[in-house]
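The values are calculated or read from the model by the stated rules, or taken from the named source; none is laboratory data. Quick caveat, the model's predicted, so the values are computed rather than measured. Cβ: placed from backbone, ideal geometry, glycine included. Neighbour counts: every protein chain shown.
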Amino acid sequence: MLKLFLAEVKRSWIQFIRYPAEAIGGIFIISALFYGLFLGATYVAGPSIKLGDRLDSIIVGYMLWTLVTFVLFDIAGTLQNEAQTGTLEQLFISPFGAPRVFLTRAIANLMIQFILITTILLIIMSLTGRWLSFPPTLILPLIAVILGAYGLSFAIGSLALLLKRIQQLLGIFQFALLFLLTVPTETWTGSSKVLGLLLPMTTGAGLLRDVMARQQPLNLPQLGLAWLNGGIYFGLGLTLFRFAERETKRRGRLGGY
Amino acid sequence: MQVLEVQHLQKTYRSSRKHLTTAVRDVSFAIAQQEVLAFLGPNGAGKTTTIKMIAGLILPDRGEVKINGLNPHREAQALRSLGAVLEGNRNLYWRLTPIENLEYFGVLRGLSQKVARQRGRDLLERFELSHKRRAPVQTLSRGMQQKLAIAVALIHEPQLLLLDEPTLGLDVEATQTVKRLIREIASEGRAILLTTHQLDIAEELSDRVAIINQGAIVAEESTEELIRRFSGSAYVVELEQEIDRDRVSKIQNLGAIVNEKTILIRETEILYEVLHILQPLPLIRVEKEQANLTEVFLQLIQNQSESPC
Ligand SMILES: Nc1ncnc2c1ncn2[C@@H]1O[C@H](COP(=O)(O)OP(=O)(O)O)[C@@H](O)[C@H]1O
Ligand SMILES: [Mg+2]
C-alpha cells in the first residue's frame, strides 16, 4: 500500500511539474488568491467558509474550502482524465482493485495540494511579516471533514462511472457543498440537531468554527460524532462506488463508448 | 498446462430500451503456455468484448474465465498473471517518460519500485527504446508508443498477455517490429491472445486461430491445419508461352482445365501425364494450390451468412 502511495505521489508530482508554464500558472493563481486575502479583500474569488472575521480564520476557512472542493471532485476528475488518456482500464486491472487505487491517488493528490498551499502561505507570511496562528487541535475535526469529503468524492465518482457526463451536475454539488460547510448546525437544538448530525461534513465544520472563531476548546464527544459521521459517509461512498463499478462492467461501458 | 480457460462466455448489451445486441455467444477456448492464439474476425464480431471479459473489465452474462485457475472477476490475484494492451488506447501516461510509465505501472501491478525500475530498464533496452528514456511519451511515434505499451504490459512478467489489435494504425516498419516482439514474447513461454481483423497478422503470428463472426466461434484449430484443410489437392502448372492447340486438346482429354498459359489439374494422378505432353515447353511453375487464411476466412464467413442462425 505504501509503495503504491509513493508511486502515486511521484506520478502526480511529475505530471504537475512536467510542463513548468502550467505549474507556475497554477501556483501563481493560488498565491494571488491568498495574497489578496492577506491584503483584506475578503470577497476574493467567490465563496469561502467564514470561520470568523480575523485574518487567521478567513485564511483557514478559505484553505478548508479549497481542499474540500479539491477532494470532492478528485475521483470523478481522475475517471474522466484517465478515460481521455486511455489508461482507465489499466487502473481497473490492478490487483489492488479500483477503489484502493483511486483512494490512494486521491490522498496523494490532496497531499501535494496541501503542501503546495502551505508552502505558498509560509512564503506570503514571511513576506508580509504577518504570522497566522491557529490551534493544532484544528487538525482533528479537519480529518473528520476530509473523511466525509472522500465518501462524497466516491459517490460523485460513482455517478461519473454510471452517467459518464456529469459536468452539469458539478455546479449543483458545489452549491450543496457550500451549504454543508456553512450551515451552523452547532447552534441547532432538538430534532434538527439530530438532522444536523446526519448531514455529511457539517458536524466537523461546526467544530472548526468553534475552535477557530469562538476560540472554544475542542468538544470531544462532538468530535467523536464528527468522526463517526465521516466514517459512515466514507463507507457509504465506497459501497456506492463498488456497486457503480460492477454495474458499469455489466453494461460494458468502462472507458470508451 | 492451460494458462487461460474460457468457457461458454456470453454477453448481450442493452443499447436502448428495446435494442439488444448479443456481442458474444457461447465462446469457449483455452490457451497453453508458449502459445499464440489469434482471435480473428471482422469489425463488430465481438473480439474486444471477449478480451475485456477475460481482463475482468466487462461482466459476462454467462460463462467463466479462468486465468491459472483463478477467476479475474472474483479473485484479484488472477490479475497478477495478466497483462493487457487494449484497442485504440495508448495505455500510457502521455506526460510521463517511458521509464516513469514502466515504474508506475510496475508498482500498480504489485512490484516494488526498485524491481519495477530495474525491469523497466531491461525492457527499454530490449525494445530498443533506451534512447527515448527521458522523452515524454507524447513526443514518441505511434510505433514506439505501441512498443512501450507492450513493454508496460509485461513489466510484472504475466503469464498471459492480451493484445487487442496490436498493429492497428501502425506503419509497415512498426508493424514488423511489433510482430517480431510478439513472437519473442511467446517463445519466452507466455501465452498470448491477440485479436485482429488482419489475416496476414493472424497467419504469421499464431499457432492457433479462432475465427469469430457475429459473436460466435466458427472455426478453431491450428493455423497450419486450418490452411491445409481448406487447401485443395489441385495442382497449377504455368508456362512461359501459350500452349498449341494440339497439346491443349490432349490435355483437356485427360480432364485438366487449360486457360491460356495456366493449367489446373484436379486429379493428382494425371499430373505427370500432363507434364509429359508439355515436354519440352518452358515452365514457370508447378505448384500445389495453397489456400491462405484470407480464402479460408471468406469461405467460413460466407457459409455462415448463408445459413442464418
Ligand atoms: N458497451 C456497449 N454497448 C452496446 N453495444 C456494444 C457495446 N460494446 C460493444 N457493443 C457492440 O457489440 C458488438 C461487438 O463489439 P466488439 O466486441 O467491440 O467487436 P470487435 O472488437 O470484434 O470489433 C458490436 O456490434 C458493438 O457495436
Ligand atoms: Mg475491437
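Is it the case that segment B:44-63 has a residue that's away from ligand 2 (no atom under 16 Å from the Cβ) and away from chain A (no Cβ under 11 Å)? Within segment B:44-63 (the criterion being away from ligand 2 (no atom under 16 Å from the Cβ) and away from chain A (no Cβ under 11 Å)), the answer is yes, since at least one residue qualifies. Restricting attention to segment A:82-125, the residues that are within 18 Å of the chain's Cα centre (by Cα) and within 14 Å of chain B (Cβ to nearest Cβ) add up to 8. In the set (1) under 30 Å from residue B:30 (Cβ atoms); (2) in contact with a Lys or Arg (Cβ under 6 Å, 6 or more places away or on another chain); (3) away from ligand 2 (no atom under 16 Å from the Cβ), the condition left unmet by residue B:239 is number (1). Is there a residue being of a type in the set (Lys, Arg), at pLDDT 90 or above and under 17 Å from residue B:47 (Cα atoms) anywhere in segment B:194-212? Checking segment B:194-212: at least one residue is of a type in the set (Lys, Arg), at pLDDT 90 or above and under 17 Å from residue B:47 (Cα atoms). Could you check residue A:169 against (1) within 21 Å of residue A:239 (Cβ to Cβ); (2) part of a loop (DSSP other than H, G, I, E, B) and say which number it fails? Only one criterion is unmet by residue A:169, namely (2). The residues on offer are B:225, B:306, B:295, and the sole one that is modelled with pLDDT under 85, closer than 30 Å to residue B:61 by Cα and of a type in the set (D, E, K, R) is B:306. Residues in segment A:2-56 that are in a helix (DSSP H, G or I), modelled with pLDDT of 80 or more and of a type in the set (D, E, K, R): A:3, A:8, A:10, A:11, A:22. For segment B:96-127, which residues satisfy the criterion of being among the charged types (D, E, K, R) and assigned to a helix (DSSP H, G or I)? Once the filter is applied, which keeps residues that are among the charged types (D, E, K, R) and assigned to a helix (DSSP H, G or I), segment B:96-127 yields B:100, B:103, B:114, B:117, B:119, B:121, B:122, B:125, B:126. Taking the criterion of being closer than 19 Å to residue B:85 by Cβ, within 13 Å of ligand 2 (Cβ to nearest atom) and either free of Cβ contacts under 8 Å to residues at least 12 places away in the same chain or buried (at least 24 other Cβ atoms within 10 Å of the Cβ) (or both), would at least one residue in segment B:12-24 satisfy it? No, segment B:12-24 has no match at all.
Considering the conditions (1) within 13 Å of chain A (Cβ to nearest Cβ); (2) within 27 Å of residue A:20 (Cβ to Cβ); (3) over 29 Å from the mean Cα position of the chain (by Cα); (4) not in a loop (DSSP other than H, G, I, E, B), residue B:135 is excluded by exactly one of them, (4).
For beta carbons closer than 9 Å, sequence separation of 6+ or different chains, a first residue in segment B:43-56 that is assigned by TED's automatic domain parsing to the domain that holds residue B:79 and under 13 Å from residue B:193 (Cβ atoms) and a second that is among the polar types (S, T, N, Q) and more than 9 Å from ligand 1 (Cβ to nearest atom), the qualifying pairs are B:47/B:196. Please count how many residues of segment B:9-24 are farther than 28 Å from residue B:203 by Cβ and more than 7 Å from ligand 1 (Cβ to nearest atom). Total meeting the criteria: 9. Given the conditions (1) away from chain B (no Cβ under 14 Å); (2) surrounded by fewer than 16 Cβ atoms within 10 Å (Cβ to Cβ), which single one is not true for residue A:207? Here residue A:207 meets the rest and fails (2).
Would you point out the residue of segment B:79-108, among those that are touching a strand residue (DSSP E or B) at 6+ places or on another chain (Cβ under 7 Å) and facing another protein chain (nearest Cβ under 8 Å), that is nearest to ligand 1 (Cβ to nearest atom)? This residue is B:86. The one condition from (1) among the small types (Gly, Ala, Ser); (2) in a loop (DSSP other than H, G, I, E, B); (3) more than 11 Å from chain A (Cβ to nearest Cβ) that residue B:143 does not meet is (2). The residue list A:244, A:213, A:205 contains one member that is touching a helix residue (DSSP H, G or I) at 6+ places or on another chain (Cβ under 6 Å) and within 16 Å of ligand 1 (Cβ to nearest atom), which is A:244.
Scanning segment B:64-93 for residues that are among the hydrophobic types (A, V, I, L, M, F, W, C) and either over 24 Å from residue B:143 (Cα atoms) or away from ligand 2 (no atom under 16 Å from the Cβ) (or both) yields B:65, B:67, B:70, B:76, B:78, B:79, B:82, B:92.
Restricting the first member to segment A:176-202 and to residues that are at positive phi, and the second to residues that are in a helix (DSSP H, G or I) and surrounded by 16 or more Cβ atoms within 10 Å (Cβ to Cβ), the beta-carbon pairs closer than 7 Å and six or more apart or on different chains are A:201/A:145; A:201/A:148; A:201/A:149; A:201/A:180; A:201/A:181. Scanning segment B:8-22 finds no residues that are modelled with pLDDT under 95, of a type in the set (S, T, N, Q) and under 17 Å from the mean Cα position of the chain (by Cα).
Restricting segment B:25-53 to residues that are surrounded by fewer than 21 Cβ atoms within 10 Å (Cβ to Cβ) and within 9 Å of ligand 1 (Cβ to nearest atom), the residue that is farthest from residue B:181 (Cα to Cα) is B:44.
The sole residue among B:187, B:233 that is out of contact with any helix residue (DSSP H, G or I) (no Cβ under 7 Å at 6 or more places or on another chain), modelled with pLDDT under 95 and more than 13 Å from ligand 1 (Cβ to nearest atom) is B:187. The set of residues from segment B:146-176 being at pLDDT below 95, touching a Lys or Arg at 6+ places or on another chain (Cβ under 8 Å) and either aromatic (Phe, Trp, Tyr) or assigned to a helix (DSSP H, G or I) (or both) comprises just one member, B:174. For residue B:116, are the conditions met, namely being hydrophobic (A, V, I, L, M, F, W, C), in contact with an Asp or Glu (Cβ under 7 Å, 6 or more places away or on another chain) and more than 7 Å from chain A (Cβ to nearest Cβ)? Yes: the conditions hold for residue B:116.
Checked against (1) more than 16 Å from ligand 1 (Cβ to nearest atom); (2) touching a Ser or Thr at 6+ places or on another chain (Cβ under 8 Å); (3) within 30 Å of residue B:5 (Cβ to Cβ), residue B:61 passes all but a single condition, namely (1).
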